[in-house]
1. Starting with the highest mean, order 454-465, 301-312 by the number of other Cβ atoms within 10 Å, averaged over the residues of each peptide.
2. To the nearest 10 degrees, how steeply does helix 189-199 sit against the main Cα axis of the chain, on a 0 to 90 scale?
3. So, counting K/R as plus one and D/E as minus one, what does the shell of residues with Cβ under 9 Å around Arg403 add up to?
4. What order do you get for 170-183, 319-332 when each peptide is scored by the mean count of other beta carbon atoms within 10 Å, highest first?
5. With all pairs of different alpha carbon atoms counted, what Kirkwood hydrodynamic radius in Å does region 271-398 show?
6. Rolling a 1.4 angstrom probe over the protein heavy atoms, how many square angstrom per residue are accessible across the chain?
7. Enumerate lysine pairs in region 62-195 that are 8 or more residues apart or on different chains, then count those whose Cα atoms are under 20 Å apart.
8. Consider the candidate values [x] 30.2; [y] 29.0; [z] 23.0; state which one is mean projected area of the Cα convex hull in nm² computed from the structure displayed.
Amino acid sequence: MQEVTHEFPPFVEEDTTILILGSIPSVQSRKQGFYYMHPQNRFWRVLAQVFEEECPQSLEEKKQFLKRHQIGLYDVLESCTIDGSKDSSIQNPVPSHLLPLIQNSHIARIYTTGKKAHELYQKFQAKELEWEAISLPSTSPLNASFQEEDLVQAYQVIKEKVLTPIVEPLLLWYRQNKRDLPWRKKEDPYAICISEIMLQQTRVEAVIGYYERFLKAFPTVFALANAEEDQLLKQWEGLGYYSRARNLKKTAAILVKDYQGVFPHSYQEILRLPGIGSYTAGAILSIAYHEPYPAVDGNVFRVLSRVLGLFEEITKPLTRVKMEHRVQEILTRQNAKEMNQALMELGATVCLPKKQAKCSACPLQSLCQAYQHQQVEQLPVKAKKGLQKEIMKTILLLECNGRYAVLKRTEKGLLEGLYQFPEMSFTSAQTDVITWCKKEHMEALFVQQLPKKKHVFTHLIWKMNGFYVRVMEESPAFQWVTLEELETLSIPTAFSYYHPKNQPIYF
């Protein structure tokens with residue numbers, strides 16, 4: 001028995017899309033490296049015929065062959081003890097750690113060569129990766145059941161990109177059915193970035209007006225970088241998730257300082273900008289610069305989960321990586337802009353959640369695994385949300401001689417930096433309101449109960465009631481503004497229910 005370990009690192013590069021895994025063949029072959037260097041192994045002759053090229057001979061030629069076809073090569077096992085060359089003699093296996101390889105590349109498909117490699121993958125890696133590998137026959141000379149021409153036929157699957165069949169019908173559908181949206185009329189990366197950030201967590205119909213007003217107020221990266229925060233938040237008022245606006249300003253400042261106001265063409269550099277993740281980076285690069293990077297949002301997750309029949313939990317980071325890599329395979333500089341938008345458009349208008357799905361109008365119906373197996377309403381798979389915490393609040397609309405009390409939220413976190421109306425411990429009693437006013441050095445002249453409201457955040461629910469209170473004097477604890485001045489302040493939707501213009505106030 002001899003211990004066998006890797007003497008070579010895995011051959012996987014950033015643009016690798018295909019990973020081929022073998023098992024440890026023999027001590028002698030292992031010492032020569034895992035590049036199937038055994039002179040009788042048919043691996044390279046088979047691959048060369050699949051891709052219609054000359055068979056590579058030297059180690060360097062083989063590496064260049066793998067690079068050209070975006071193929072990565074490694075073994076299922078990092079090390080083991082082995083006696084001879086038979087698979088059955090493998091003992092004490094230590095599996096290779098494949099997750100970093102996938103995270104640092106564009107691997108979209110995994111293949112195993114030989115029955116033993118597939119068994120070991122299923123045993124050690126399939127559960128962690130939640131990734132079904134495609135089993136290919138062994139190219140070993142010991143695999144006499146497969147002639148070389150049979151192996152070439154079996155290995156043709158390597159050239160078949162998973163999503164290739166959807167490209168033509170989806171692009172044709174998109175060109176005929178796409179909505180006329182203002183951000184689709186530009187290839188300005190700044191405008192695209194603004195639209196994509198606004199579209200996070202917000203419906204298209206609601207975003208259009210905000211997008212146009214925002215670009216009118218801040219038409220360039222330089223204008224946004226120099227904007228006052230109150231002015232910025234006022235333009236964002238009502239969109240929610242105000243950290244998005246602050247991150248946009250931070251991004252603008254970085255672009256002005258480090259990039260002369262221009263978005264970089266590098267994916268990694270864009271990812272480093274505040275508030276920009278893989279989806280937004282992919283959208284900017286593909287739409288503005290025609291670079292083949294995927295933009296996978298919730299709509300695209302839904303489309304791909306159904307088309308491929310994938311019952312993988314979509315909020316898991318690895319699921320996102322796998323989805324992005326599958327889309328990456330079908331993107332080119334010629335189709336990236338339209339392809340990403342077509343996937344998003346299909347998810348936003350046709351491949352809708354649950355029973356809203358319009359399968360009869362879908363250009364991918366014949367290719368959709370979920371439709372074929374009546375599983376549309378079951379996909380995509382999402383983790384059940386935890387219970388939202390409920391908070392009871394009493395909001396006070398305090399008025400003194402036509403001026404209203406507000407205060408700026410200074411605490412970090414939810415609605416930071418925005419203005420609100422005063423609030424007190426939850427109560428339904430006017431007497432409690434009068435007592436509260438006295439503690440704040442104000443005399444209540446008139447108290448009127450206002451309607452109850454509920455506002456839902458991602459993890460919180462505010463259940464609110466309110467009171468209009470006319471007071472005799474202004475408390476220094478608050479900032480007092482006229483109705484006109486109130487219109488210039490950024491008041492989040494949760495508090496705007498109690499804005500004077502929205503309430504029937506009786507004097």
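The values are calculated or read from the model by the stated rules, or taken from the named source; none is laboratory data. Computed from a predicted structure; not experimentally measured. Ideal geometry is used to build each Cβ from the backbone, glycine not excepted, and the neighbour counts take in all protein chains shown. To get the accessible areas, we keep the full protein, side chains included, count just its heavy atoms, and leave off ligands, DNA and RNA. Shrake-Rupley method; radii C 1.70, N 1.55, O 1.52, S 1.80 Å.
1. 301-312, 454-465
2. Tilt of helix 189-199: around 70 degrees.
3. Net local charge, Arg403 excluded: -3.
4. Answer by packing, highest mean first, reads 319-332, 170-183.
5. Computed over Cα pairs of region 271-398, the Kirkwood hydrodynamic radius comes out at 16.1 Å.
6. Working: 24570 Å² over 507 residues.
Heavy-atom accessible area per residue stands at 48 Å².
7. Lysine pairs meeting the criterion: 11.
8. [x]
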